[in-house]
Structure formats: C-alpha cells, structure tokens
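Visitor: Sending over a structure as structure tokens; questions will come in a sec.
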Ligand code: ATP
C-alpha cells in the first residue's frame with residue numbers, strides 16, 4: 001500500500017473535525033499524549049500486541065484508545081483504523097525506526113511535520129550535505145586512515161545506538177584497523193555534549209525569527225550512554241581493548257543541562273542555519289528537532305548529528321525547562337506540538353504543519 005492522496009486530501013478530515021493525536025507507545029509518547037490531552041485532543045496509542053502495562057501507572061498520559069497491531073511494521077495495513085480515528089501521527093525516533101523510514105513516508109495519514117525530512121535525515125550522506133551546506137561547524141571527516149591527525153570515532157552506517165563504533169586516540173592506534181562494513185572516520189571532538197531541543201513554528205510571527213516563522217529553544221539534555229559513560233572506571237582505553245571490551249554508545253537515559261548563557265547565540269545560529277537550509281532543500285523542517293553537538297574548550301559548537309523530530313531527551317521537561325519557562329509556563333515539547341496543531345486548525349493553516 002502506497003501513498004495515493006495529495007497533502008490537501010490527506011489533511012481535509014483534520015480541517016473538518018478535531019483529530020486524534022496518535023503515536024507509537026514508546027520513546028516520548030507519554031509526554032506527547034499528556035501534552036495533547038492538556039490541549040483537549042483525543043489520543044490514540046499505537047502498540048505491538050497488548051497495550052503496555054506501564055501506561056496504567058500514568059493515568060494523565062494514558063491515551064484514550066489503543067490500536068494494537070501484531071507488529072509495528074504492519075501498521076500500513078491499518079490505515080482504515082487510523083483514518084476512523086481521524087489520526088494525526090506524531091513521529092518520534094522509535095516510531096520511524098520500528099516501521100522503517102521507507103514505510104513511514106508511505107503512510108497515507110497526516111503526519112505532523114514535513115515528511116520529506118525523513119529522507120534527508122535517515123541517509124547519513126544526505127544529512128551531511130544538508131548540514132555542511134548550511135555552514136554548521138561539524139567534526140572533520142577523514143577519507144582514509146592515513147589522513148588522521150588526532151583522535152577519531154569510526155561510525156558504521158546503520159549501527160543503531162552507536163554499537164560497534166570504534167575509537168582511536170591517534171593514527172597509530174588505527175593501524176591494522178579492519179572495517180567490517182560501510183563507515184565514516186570522524187574526528188573525535190573533545191569537549192562537552194549538548195543535545196539542543198528546538199521547535200520551529202512556521203505559523204509564529206513573533207520571537208526569534210527564522211524564515212517566515214520562529215525558532216524556539218525549549219530545552220537541552222545530555223544523554224546517558226552505556227557503556228562509554230562509566231567505562232573509565234575500569235582503566236585505560238587500550239587496556240580495555242586488549243581485554244576485549246569495546247565502547248558502546250547505547251542511550252539509556254537523559255539528564256537536564258543548561259548552557260553558559262554567552263554560548264546561546266552559537267546554538268541558535270546552528271538551529272537557524274539548519275532551518276533556513278531545509279527550506280531551500282526540501283520545503284522546510286517543521287516542529288521539534290534536536291541539534292546534537294559538542295562544545296569544545298575553544299567554545300566552538302561542533303554538530304555531529306541532528307534528529308528531525310521530538311527526541312526522548314525532552315522527557316526530562318514534562319512541566320517545562322529553564323528555557324521553555326521563559327517562553328510560556330508548563331510548556332513541554334509534547335504540549336508545544338499540540339498547541340501548534342490547535343493554532344493551525346484555528347487559522348486554517350494545517351497544510352503548513354502537516355504533510
Ligand atoms: P543514535 O542512533 O543513538 O542517535 P547514532 O548511531 O546515530 O546514535 P551518533 O548519534 O552519531 O550515533 O553518535 C552516538 C554517540 O557517540 C553520541 O551521542 C556521542 O556521545 C558520541 N559521538 C558521536 N560523534 C562524536 C564525535 N564526532 N566526537 C565525539 N563523540 C561523538
């Protein structure tokens with residue numbers, strides 16, 4: 001089953017009556033449902049098999065109804081049920097991952113945001129073209145090991161959650177390295193990590209103006225990554241490698257952080273450039289996105305990745321962050337999505353935020 005409707009046709013039912021906010025029960029779904037409920041939307045939880053029991057523990061975030069499918073990869077066969085609920089799908093990392101980006105963009109159901117972004121984000125090469133041509137500072141990339149002039153991180157394509165990444169502190173440590181698949185050799189940036197939670201509203205005409213809309217900074221987090229975060233306790237890197245212990249970057253949680261105020265212009269500049277370039281390349285990115293980077297001791301913000309949708313790090317701010325509190329009280333990313341949807345309906349501008 002592929003895409004048959006035009007955007008206008010897909011969006012028409014949402015113009016006619018209030019939609020259900022629908023997403024897959026995982027990742028940031030509790031926050032998405034909670035925010036949608038606060039703004040008066042019905043909510044639909046999509047799950048593989050029975051609804052997750054842990055939802056019973058969080059009544060304020062439990063969706064009004066569930067749509068259970070045997071496997072999420074089969075969601076394409078449930079289009080009629082999604083339509084009956086007048087669903088607007090909210091993409092998050094696990095939703096796109098479980099379904100697969102190709103299948104996700106084929107769903108003939110309105111998606112919050114521009115579905116064209118998925119193609120640009122899920123291909124590491126395209127993402128690089130986007131960020132580089134936006135003029136965002138990024139880690140150096142080496143075409144082959146002989147060029148290496150400092151610490152590197154070797155990333156395999158499709159290595160989900162940073163498993164199988166290889167670290168080397170200099171060219172010598174890379175000697176004899178045999179790649180096991182398509183990869184990039186990237187400068188290992190020394191500094192401190194920040195994952196910046198932005199929201200781009202094409203509807204807003206106040207605040208920090210970018211394009212014809214506004215860029216909002218709603219929070220930032222740092223990821224807890226296993227096993228790398230605690231690995232130093234066991235000894236030096238080479239020693240560990242000899243013992244057969246390899247670093248991994250599997251996200252297990254998130255912690256709230258704030259940035260030195262004088263560094264805020266650098267992250268706003270990166271966010272604005274990414275949006276401006278997205279408008280030129282594919283008609284713009286809408287709604288939540290995350291700029292993931294490392295602040296060096298020279299106070300340069302090097303961006304190693306972006307996520308083009310709500311990230312799980314926003315879960316630390318269900319009632320707002322030190323930044324979103326200065327935009328509006330009690331403003332989580334989940335609620336921000338619901339507010340944009342509500343405004344777009346009220347102003348008859350749904351086609352600017354749905355695709
Ligand atoms: P995920 O799917 O979990 O986002 P991924 O496979 O896309 O992971 P990245 O997000 O690129 O991988 O990197 C995973 C982690 O590796 C980062 O969160 C960060 O801790 C570390 N990392 C990535 N690139 C660099 C870099 N250039 N320098 C230093 N650390 C890095």
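The values are calculated or read from the model by the stated rules, or taken from the named source; none is laboratory data. What you see is a predicted model, and the numbers here were worked out from it, not measured in a lab. As a convention, Cβ positions derive from the backbone with ideal geometry for all residues, glycine included, and neighbour counts pool all protein chains shown.
Visitor: Sort out which residues of the range 153-180 are under 25 Å from the mean Cα position of the chain (by Cα) and either exposed (fewer than 15 other Cβ atoms within 10 Å of the Cβ) or more than 14 Å from the ligand (Cβ to nearest atom) (or both), and write them in order of number.
Guide: If the condition is that a residue be under 25 Å from the mean Cα position of the chain (by Cα) and either exposed (fewer than 15 other Cβ atoms within 10 Å of the Cβ) or more than 14 Å from the ligand (Cβ to nearest atom) (or both), then 157, 158, 160, 161, 163 are the ones that fit.
Visitor: Further question: When you check residue 116 against the structure, is it assigned by TED's automatic domain parsing to the domain that holds residue 297 and either surrounded by fewer than 20 Cβ atoms within 10 Å (Cβ to Cβ) or near the ligand (Cβ under 9 Å from one of its atoms) (or both), yes or no?
Guide: Against the criterion (assigned by TED's automatic domain parsing to the domain that holds residue 297 and either surrounded by fewer than 20 Cβ atoms within 10 Å (Cβ to Cβ) or near the ligand (Cβ under 9 Å from one of its atoms) (or both)), residue 116 qualifies.
Let's see how each residue does on (1) crowded, with 17+ Cβ neighbours inside 10 Å; (2) out of contact with any strand residue (DSSP E or B) (no Cβ under 8 Å at 6 or more places or on another chain); (3) assigned to a helix (DSSP H, G or I):
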| site | (1), (2), (3) |
| --- | --- |
| 215 | yes, no, no |
| 220 | yes, no, no |
| 223 | yes, no, no |
| 255 | no, no, no |
| 267 | yes, no, yes |
| 285 | yes, no, no |
| 290 | yes, no, no |
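Visitor: Please give the helices (runs of 4 or more DSSP H) falling wholly within the range 49-113 in which 3 or more residues are surrounded by fewer than 12 Cβ atoms within 10 Å (Cβ to Cβ).
Guide: Fully inside the range 49-113 and qualifying: nothing.
Visitor: Continuing with the same structure: All but one of (1) out of contact with any helix residue (DSSP H, G or I) (no Cβ under 6 Å at 6 or more places or on another chain); (2) within 16 Å of the ligand (Cβ to nearest atom); (3) farther than 19 Å from residue 207 by Cβ hold for residue 270; which doesn't?
Guide: (3)
Visitor: Among (1) away from the ligand (no atom under 15 Å from the Cβ); (2) surrounded by 15 or more Cβ atoms within 10 Å (Cβ to Cβ); (3) in contact (Cβ under 8 Å) with a residue 60 or more places away in the chain, which single condition is residue 312 missing?
Guide: The number of the failed condition is (1).
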